[in-house]
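The values are calculated or read from the model by the stated rules, or taken from the named source; none is laboratory data. Predicted, not measured: the structure shown is a model, and the values here were computed from it. So basically every Cβ, Gly included, is an ideal-geometry build from the backbone, and we count neighbours across all protein chains shown. These area figures cover heavy atoms from the full protein model, side chains too; ligands, DNA and RNA do not enter into them. Shrake-Rupley method; radii C 1.70, N 1.55, O 1.52, S 1.80 Å.
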Amino acid sequence: MADPLESLVVRLIELSAHTEGGARRLPPERQLVEKLEISRGALREQLAMLEYLGVLRRRQGHGTYLDVPDASLFRTSFTLMHRLGYLSTAQFVQAREMVEEAIAAQAALEITDDDLIELRAIVDKMVARTAAGDQEGALNADLEFHNYLYETVDNPVFNMMNEGLGTVLRESIRARRCLAVDIEHTDADGAINTDTVHFGIVDALATRDPELARAAMHKHFIDFSALSLQARTETGTQS
């Protein structure tokens, strides 16, 4: 059975008219009350909910419109589900890993030489920020790298998921990066694996082979998980 609010949206779409910008303009409130056979108070309450969700927009002097919500809908929903305990950090992490392996595979088919140059520059920035002790800058570069892959694929569904997952997991990623700085060994250039593993992803993307790109992203997440396991093992040994 459809959710009442979802059913309302379907009816509103049926009653609305197309506009040049792609949004749909709703009839005046009086007509909606008659067509939907609900009270004016109930209609206003439901329209206010749709406005809060970002599905409905009111333009002063121009009318009321249904439009595609932006990523704030996902950010708010995911944050609430996380804060209220309905979904755990581990579940969000698992979802992110599954989605990003698929994103890497698709990006391999669409990546350009200019994209590869840009991605390598982002990883260089990540390495440099970590070496300089700028953990916030390194975190931002890390997130920028992954966001760039979503932009390369440019699927609106995945883009909205990325916004929601990124918001929930930002602090978790920050904590794991700080852990990497504390316990990972540096290479000959003073870089840590948590940063340089991204070069492997770029190399795999450069082959334009989806499965190699997927495997490189999988390795990134496996290495990150192993880092947490190593930390727990060392803590247990010390205690």
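Remarks
- On the principal axes of its alpha-carbon atoms, the stretch 71-125 has extents of 43, 22, 21 Å, going from largest to smallest.
- Global geometry of the stretch 96-171, whether rounded, prolate or oblate, following the gyration tensor of its Cα atoms and the 1.5 cut on a/c: oblate
- Mean ellipticity per residue at 222 nm, deg cm²/dmol - from DSSP H runs of n ≥ 4 across the chain, formula -39500 (n - 2.57): -25000 deg cm²/dmol
- Global size of the stretch 100-239 as Cα Rg and Dmax, reported in angstrom: 15.1, 50
- In this calculation the C-beta distance from residue 11 to residue 185 is compared with R0 = 45 Å, giving a FRET efficiency of 0.15.
- Calculated FRET efficiency for the pair residue 83/residue 128, C-beta based, R₀ 22 Å, to 0.05: 0.05
- Overall form of the stretch 22-85 per C-alpha gyration tensor (a/c, 1.5; a/b vs b/c): oblate
- In the stretch 85-219, the portion of solvent-accessible area held by carbon and sulfur atoms comes to 55 percent [1.4 Å probe, whole percent, DNA, RNA and ligands not counted].
- Shown here are the Rg and Dmax of the Cα trace of the chain, at 22.9, 74 Å.
- Rounded to the nearest 10 degrees, the angle from helix 193-206 to the longest Cα principal axis of the chain is 70 degrees.
- Most to least packed among 54-63, 186-195, 26-35 [average Cβ atoms within 10 Å]: 186-195, 26-35, 54-63
- Length gained when the stretch residue 209-residue 102 is fully extended (0.36 nm per residue, less Cα-Cα span): 37.3 nm
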